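For reference, the structure is listed below as structure tokens.
Quick note: the coordinates plus some simple rules give every number you see, no bench work behind them. Note that this is a predicted model, so its numbers are computed, not measured. A quick note on method: Cβ atoms are made from the backbone with ideal geometry, for glycine too, and the neighbour counts reach across all protein chains shown.
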Amino acid sequence: MTLNIGVIGVGMIGQDHIRRITQVVSGARVTAVTDVDLDRAKAIAAGLPSAKALQTGQELIDDPEVDAAIVCSWGPTHEEYVLASIAAGKQVFCEKPLATTREACERILDAETAAGKRLVMVGFMRRYDEGYRAMKAVIDGGEIGAPLMFHSGHRNPSVPGHYTSDMIINDTCVHDVDVARFLLDDEIVAARVLTARKNSLASEHLTDPVLFIFEMAGGALVDVEASINIQYAYDIRGEVVGERGTVELAETNPVVVKGSGRFGGRVPEDWRERFIRAYDTEFQEWIDAASRGESTGPSSWDGYAATVVCDAGLKAMQSGERVEISLGEQPELYRTTTITGPTGTD
């Protein structure tokens, strides 16, 4: 079976996913696209063998030739399109955020719960990265004992001009929030944000760097160093400290070069290079599941938890105080197992 996919939002990430579906993964084709810029959608559709450009996301979701949808549009539109996909009974892959407010996420949870089955997967691609999956396997295997701390580093060489200080939590650290829940298989119950001496390379309006600290329900502590103008590369760090050992991400380059009295290796330039294989794996697993009428991977609950934690992080950054986090009662639909594991099964 070939899964017919409609893509809502064909900006940079939408176009990259279209490339992935048509050139890298198997089992799917793009049959419809739409964008707030309809001319851009028409241009993208013209370059695909079986796609058409449609006026709106709702029209795309309602199209009988679309089996499943990918939502890559502006964040505040996600709720509308995810809810429409649930109402249509179609599998939907939603790039983060699931929705931009706690209340919007709760409406999605309610709709999916009423539907009686999982239809939504949220695009937290780090769960599909080989390094994070290997870390998860070590932790779950008990090799280092119970995890006590997770040190995470998220370093960007630079950020675009429209980037704001709030985005360091909502757009950057949101991935660390999700991967902490994934690795430690636990919920976050409190957050603090500390600001360091300002990076002189950062724009005047930006707070950079920050240390995002949160407490897990089971007692583990997590710290996320977010540096968004560090110049040298896109560098993702991670180490879990256990009772009797540690596990950390290795460098991503396959070789170490030695010469002229030095040794070293290459560090990725941007997020696309660092996580390209994770994106490929993520989409292949989503396509395989959606073709069976199923949803695996990060759920609506995971998207909801990330939004609530980031909201608390923003409050903590503004106030300088510790902010407690309380999630609502988890619906049975999302309680079938623990937080999504490395095989992509729930």
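Rg/Rh for region 44-139: what does it come to with C-alpha atoms and Rh from Kirkwood?
Answer for region 44-139: 1.04.
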Q | Compactness relative to 2.2 N^0.38 Å, alpha carbon Rg of region 147-193 | A | 1.31
Q.
Cα atoms only: what Rg and Dmax, in Å, come out for the chain?
A. 20.1, 65
**Q.** Cα gyration tensor category, rounded, prolate or oblate, for region 28-80 with a/c compared to 1.5
**A.** oblate
(Q) List the residues, sorted by chain then number, that are 5 or more residues from Y234 or on another chain and whose placed amide H is less than 5 Å from its amide H. (A) E269, D270
Q) K198: which lysines have alpha carbons under 24 Å from its alpha carbon, excluding same-chain residues fewer than 8 sequence positions away? A) K315
(Q) Using the crude model of +1 on Lys and Arg Cβ and -1 on Asp and Glu Cβ, and no other charge, please compute the dipole size for the chain relative to its Cα centre, in debye to 20. (A) 900
Q | Rounded if a/c under 1.5, otherwise prolate or oblate - region 220-341, Cα gyration tensor axes | A | oblate
(Q) How tilted is helix 300-319 with respect to the longest principal axis of the chain? Cα atoms for both, answer in degrees (0 to 90, nearest 10). (A) 50
Q. What list of ³J(HN,Hα) values in whole Hz, one per residue of region 68-75 in order, does the Karplus curve 6.51 cos²θ - 1.76 cosθ + 1.60 (θ = phi - 60°) give from phi, with Gly and Pro shown as x?
A. 8, 10, 10, 9, 10, 7, 4, x
Q | Sequence of E239, E215 once ranked by neighbouring C-beta atoms within 10 Å, starting from the fewest | A | E239, E215
Q) Once phi is turned into ³J(HN,Hα) by the Karplus curve 6.51 cos²θ - 1.76 cosθ + 1.60 with θ = phi - 60°, what whole-Hz value does each residue of region 266-277 show in order, with x for glycine and proline? A) 7, 10, x, 7, 8, 5, 5, 5, 5, 10, 4, 5
Q: Please report L327, L249 as a ranked list, fewest other C-beta atoms within 10 angstrom at the top and most at the bottom.
A: L327, L249
Q. Helix 78-88: angle to the longest alpha-carbon principal axis of the chain, degrees 0 to 90, nearest 10?
A. 50
Q | Top of R126, R181, R266 by mean-square fluctuation, Gaussian network on the chain, Cα under 10 Å | A | R266
(Q) Can you classify region 100-255 as rounded, prolate or oblate using the Cα gyration tensor, where a ≥ b ≥ c are the square roots of its eigenvalues, rounded means a/c under 1.5, and otherwise it's prolate if a/b beats b/c and oblate if not? (A) oblate
(Q) Can you tell me the orientation of helix 102-115 relative to the chain, as the angle in degrees between its alpha-carbon axis and the longest Cα principal axis, to the nearest 10? (A) 50
Q) Hey, if you put +1 on the Cβ of every Lys and Arg and -1 on every Asp and Glu Cβ in the chain, which of A202, T34, A69 ends up farthest toward the positive end of that dipole? A) A202
**Q.** region 93-151 - charge dipole about Cα centre, Lys and Arg +1 at Cβ, Asp and Glu -1, debye rounded to 20
**A.** 80
